[in-house]
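The values are calculated or read from the model by the stated rules, or taken from the named source; none is laboratory data. This is a predicted model, so every value here is computed, not measured. With ligands, DNA and RNA removed, areas are computed over all heavy atoms of the protein, side chains included. Shrake-Rupley method; radii C 1.70, N 1.55, O 1.52, S 1.80 Å.
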Amino acid sequence: VPFNVIQNETGKYGCLFFDKYSAEFADVRYLDFEILYEDNIGLKIPATSVITKDFYIVPIDYRAQSQGVFGFYIETYDAQNNLVVEFVEPTIYNATETHYYIDISALPEGCYLLNIEQTGQTTANTSNATSRYRIGAKDSLSGVYNVNKGYTIFRKIEVIDSNAEYYIIKPGTTYGVSLYDHIILDGKTVKEGQVIYQ
């Protein structure tokens, strides 16, 4: 609605001029409103959609490639309790200049990532491993559950602005959500990988 500033002997007042929909507010003595000092352009999502989720953080130096697929080498044990090296392909949910964010369920806590010089190794051999990193360090991300594929997938968000009901988030972020994505309205009611019947 149009807005003007009116000044009198007692001070300055903001005046809102309603010429439509007045009947809807005729029986309301007070209205809550919000003053936006600057425009924030982004995607508007309900506050109830936003959740916080913990992830393992692992150094980017440990990412490897095997047969054209990116993943990580980890030390694990086979059925005979022999120490072996296994190649895993966990989903990456965020990346910084130094670390990747990986789902906690994708790697066993306390296992070691290997930075292997000679790829294709199938048994643990410390002479072929330049370094080891123990899985355990965690960090959290704010995000929403995307259901474009019919099941929930966590996607991080970068909040530009917020109020009690909505968040304005940065569009087009890596590992984030995009315009026209379908998201869960109440993120606390579902879990990662849950099938949603649309």
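The table that follows gives values for the structure above.
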quantity	calculated
Listed residues F87, F3, F33 arranged by accessible area, highest first, probe 1.4 Å	F33, F3, F87
For A64, distant residues with modelled amide H under 5 Å away	G71, F72, Y73
Rg/Rh (Cα only; Kirkwood hydrodynamic radius) as it applies to the range 34-107	1.21
Amide hydrogen neighbours beyond the local backbone of V84, cut-off 5 Å, H modeled	T76, Y77, D78, A124
Value of Rg/Rh across the chain [Cα atoms, Kirkwood radius]	1.21
